[in-house]
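Computed from the coordinates by the stated procedures, all read-outs in this text should not be read as laboratory data. The structure displayed is predicted, hence computed values, not measured ones. Because the Cβ atoms are built from the backbone with ideal geometry, glycine has one as well, and the counts that use them run over all protein chains shown.
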Amino acid sequence: MSEQVLLRRRGKVAPHLKDYIESGGLEGLRRAREMGPEAVCRLVTESGLNGRGGAAFPTGRKWDAVRSQPEPTHYVVLNSDESEPGTFKDRALIDSDPFLVMEGLLIAAYATQSERIFLYVRGEYAPQTRLLWDCAEELAAGGHLKGLGPNGSDVAVELRRGGGAYICGEETALFRSIEGYRGEPMSKPPFPTVQGLFRKPTVVNNVETVANVPDILTRGADWYKSRGTARSSGTKLYSISGHVARPDVYELPFGAKLSDLLELAGAGNGKPLEAVLLGGAAGTFVFPRDFDVELSYEGAAARGATLGSGAVIAFAEGTNLWQVAERLGRFFAHESCGQCVPCRVGTQRQYEILHELAGGAGGARERALLRSLSQVMTDASICGLGQTASTAVRSLLDAEAQGALAG
Amino acid sequence: MELEASIRARVREIIASRPGKDRAQLLEVLHEVQGAFQSVPRVAAEEIEREMGVPVTDTYGVVTFYDLLTDKPTGRTVLRICEDVTCHLHGSSELVAAAERSLGPEGEPSADGSISWTRCACLGLCDQAPAAHLGGEPLAPCTPAFVEKAGARHV
Ligand SMILES: Cc1cc2nc3c(=O)[nH]c(=O)nc-3n(C[C@H](O)[C@H](O)[C@H](O)COP(=O)(O)O)c2cc1C
Ligand code: SF4
Ligand code: FES
């Protein structure tokens, strides 16, 4: 039931180009070159592939928007900043199949007629940075970057190591970071597809997103859509950790149930679970009554949850969830870039109140304050960090109000 | 000052090794400078201004923004201990306690300058919690005994 598409070479192929090609690698890129950029964008759109970085935007549409910009200079950026607490699937994917990620990127560059690919890898991922860079060099040496760029020019690859700031995973902050500035988000519009990196049309994609692309090219949109649900195509990677016997990355077709994933990972390790945090720090707490939630974008939304980047942290019965929330609160207070007041002050105040609740103090007044802070941050912050910094807290408050919280 | 001159020379070398001198090279240059001197010293920022045209204040604006860059000296090796959700469930507080005991106050280099330690957010190693980084490389799962050994070796 656990389906290995993205992870099929895990532990099997040493990252050498020769082995990758022997196991069917670079076939997608070859097909892409045959089809031409416009047809590649169309195929990816037909496949229903949505971005795996959290926002689930249709990948083909994003590519086509960049491809068809009148401004001739385009860029592709690999978002490998992966700093959402509980998330490590991109790390595992790069470890298991770095060439698959690179092949997807080369197809993206060709489809969008981009002259340059930027690999933005979080600074803490030194081993993965080396892997990706070695692959890029092997691909260049093998001539595979030739003729992919605009008017048959070659594509160049550049590397940037992140500086250890979660906010730089937000796409406009990521551009600022590459450009040599503080990673402070900019308000949208203009959207990256129109004015992105260096103000040029830019595609930003998550590692897992691009890893899906080579198979779409070789096996087609119908094959791809045959996995998943009507509105969420393909398979998804989940990083699961916490109180589980087998913390790891699991690949499941969209439409599987959260309970299936929990069983695979050996959740609770013999003990019942109190709750899971689904979607990382910006996600929601999900309680046992909702463990049958369908893992798809629409399935999660129907229960007021989100898949986010696919992080699942499990908490055994007896875990003090306010202490967990306090940690999330501290994370956001530390990671807020400080640019807008509602987020800078809001995340700090939220952390202070959560600290009280975690220590067993605080009552109705503090809870009401958390709710109004949440309202202000959600409404008045300019980027996703401030807008989601209180999502998990709100889900905890709701569960508590409904009596779903033990202890 | 001889030390100052050698820092400046090294910074010029780092900048020369990049494909250009434009501001978009700054983050990579700063990573290299941090790696060479365990911080971004004032003279390095001055040299960056001279070579790349990035004002010293801008460089410090960037340095203070990023957790992996500092203007205060760290140990030659930095131990980063993850204190985020999953690692906390798996005993990261014991690692922090061991570090406080054997490596001294957070952020301060040991007497011989060889090591310093700091807490950090999720390292993306939650499947191997509790996780740490030593000199930028993963160390997971980490144990209090390891932290103490690192202390005994360096203080
Ligand atoms: C605070 C914040 C952090 C983010 N971090 C990441 C990240 O680490 N990796 C990622 O792929 N997307 C991250 N995103 C989403 C990106 O802004 C962007 O939507 C994504 O990279 C687009 O790629 P996709 O369409 O392939 O998902 C983050 C967004 C926000 C608001
Ligand atoms: S919402 Fe927060 S993180 Fe985003 S720009 Fe505003 S202050 Fe920065
Ligand atoms: S919580 Fe420590 S590595 Fe993720």
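Which value results when the Cα radius of gyration for the range A:193-232 is divided by 2.2 N^0.38 Å? Working shown, then result.
Values: Rg = 13.9 Å, N = 40, 2.2 N^0.38 = 8.9 Å.
The reported ratio for this selection is 1.55.
Using a Gaussian network model of chain A whose springs link C-alpha atoms within less than 10 Å, name the residue from A:Ala141, A:Ala165, A:Ala305 with the highest mean-square fluctuation.
Most flexible of the set in this elastic network: A:Ala141.
Using Cα positions and a limit of under 19 Å, work out the aspartates and glutamates in reach of A:Lys146, with same-chain residues fewer than 8 apart set aside.
A:Glu27, A:Glu34, A:Glu38, A:Glu103, A:Glu115, A:Asp134, A:Glu137, A:Glu138, A:Asp154, A:Glu158
Once you place label points 7 Å from the Cα toward the Cβ at B:Asp22 and B:Glu108, how far apart are they in nm?
So the two model labels end up 4.5 nm from each other.
Take peptide A:321-332, look around each residue's Cβ out to 10 angstrom, count Cβ atoms belonging to other protein chains, and average those counts. Write down the numbers at each step before the final one.
On the way: counts 0, 0, 3, 4, 1, 1, 9, 2, 0, 3, 5, 0.
Other-chain Cβ atoms within 10 Å of each residue's Cβ, averaged: 2.
What is the helix-to-structure angle for A:98-112, meaning the angle in degrees between its Cα long axis and the longest Cα principal axis of chain A, kept from 0 to 90 and rounded to the nearest 10?
70 degrees
Between B:Lys72 and A:Asp292, what is the label-to-label distance in nm when each label sits 7 Å out along the Cα-to-Cβ direction?
5.4 nm
Using only Cα atoms, find the angle between the long axis of helix A:321-335 and the longest principal axis of chain A, and express it within 0 to 90 degrees, rounded to the nearest 10.
Around 50 degrees separate the two axes.
By per-residue mean of other Cβ atoms within 10 Å, what is the highest-first order of A:153-162, A:96-105? If you can, show how the numbers build up before the last one.
Details: A:153-162: 19.7, A:96-105: 27.2.
Ranking, from highest mean packing down: A:96-105, A:153-162.
Could you sort the peptides A:294-301, A:145-152 by per-residue average Cβ neighbour count (10 Å cutoff), highest mean leading?
Values: A:294-301: 19.0, A:145-152: 15.2.
So the peptides A:294-301, A:145-152, ranked by packing, come out A:294-301, A:145-152.
Note the full-extension length gain between A:Phe191 and A:Ala380 as 0.36 nm times their separation in residues minus their Cα-Cα distance, in nm to one decimal.
Working: separation 189, 0.36 × 189 = 68.04 nm, distance 1.92 nm.
Length difference between fully extended and current span is 66.1 nm.
If Rh is defined by the Kirkwood formula over all Cα pairs and Rg also comes from Cα, what ratio Rg/Rh do you get for chain A? Don't skip to the end; give the middle numbers.
On the way: Rg = 21.2 Å, Rh = 21.7 Å.
My calculation puts Rg/Rh at 0.98.
State the Cα centre-to-centre distance between the range A:247-269 and the range A:153-174 in whole Å.
One Cα centre to the other: 31 Å.
Starting with the highest mean, order A:39-51, B:120-132, A:375-387 by the number of other Cβ atoms within 10 Å, averaged over the residues of each peptide.
Working: A:39-51: 21.1, B:120-132: 25.7, A:375-387: 19.2.
Per-residue mean Cβ counts within 10 Å order the peptides as B:120-132, A:39-51, A:375-387.
Can you return the lysines within cross-link range of A:Lys89? Criterion is Cα-Cα under 29 Å, with same-chain partners fewer than 8 residues away left out.
A:Lys12, A:Lys18, A:Lys62, A:Lys188, A:Lys225, A:Lys236, A:Lys257, A:Lys271
Counting partner chain Cβ atoms within 10 Å of every residue's Cβ in B:26-35, what's the average? Can you show the working numbers first?
On the way: counts 5, 13, 6, 1, 3, 5, 1, 0, 2, 0.
Across the residues of B:26-35, the mean count of other-chain Cβ atoms within 10 Å is 4.
Taking a temperature of 20 °C and a viscosity of 1.002 mPa s, what whole-number D in µm²/s does Stokes-Einstein yield for the range A:77-173 with Rh from Kirkwood over alpha carbon pairs? All intermediate terms of the calculation are to be shown ahead of the outcome.
Numbers: Rh = 13.7 Å.
Answer from the Stokes-Einstein relation: 156 µm²/s.
Taking 7 Å along the Cα-to-C-beta vector as the label spot, tell me the B:Ala152-A:Arg33 distance in nanometres, rounded to one decimal.
5.9 nm
As I understand it, the value is the acute angle between the Cα axis of helix A:213-225 and the longest principal axis of the Cα atoms of chain A; what does it come to in degrees, rounded to 10?
Between helix and principal axis, roughly 60 degrees.
Taking Cβ-Cβ under 4.7 Å as the only way to count a partner, pick out the unpartnered cysteines of chain B.
B:Cys120, B:Cys122, B:Cys126, B:Cys142
How high is the FRET efficiency between B:Ser93 and A:Leu159 when r is their beta carbon distance and R₀ equals 41 Å, given to the nearest 0.05?
Numbers: r = 36 Å, r/R0 = 0.87.
Step by step, r from the Cβ atoms, then E = 0.70.
Kindly provide the chymotrypsin sites (Phe, Trp or Tyr not before Pro) of the range A:170-203 that DSSP labels as loop, not H, G, I, E or B, and whose Cβ sees at most 15 other Cβ atoms within 10 Å.
On the way: sites: A:Phe175, A:Tyr181, A:Phe198; in loops: A:Tyr181.
Of the chymotrypsin sites (Phe, Trp or Tyr not before Pro), not one in the loops of the range A:170-203 has a Cβ with at most 15 other Cβ atoms within 10 Å.
What does the structure give for A:83-90 when I average, per residue, the other chain Cβ atoms found within 10 Å of the residue Cβ? Numbers along the way, then the final one.
Numbers: counts 4, 3, 10, 7, 3, 9, 2, 1.
Other-chain Cβ atoms within 10 Å of each residue's Cβ, averaged: 5.
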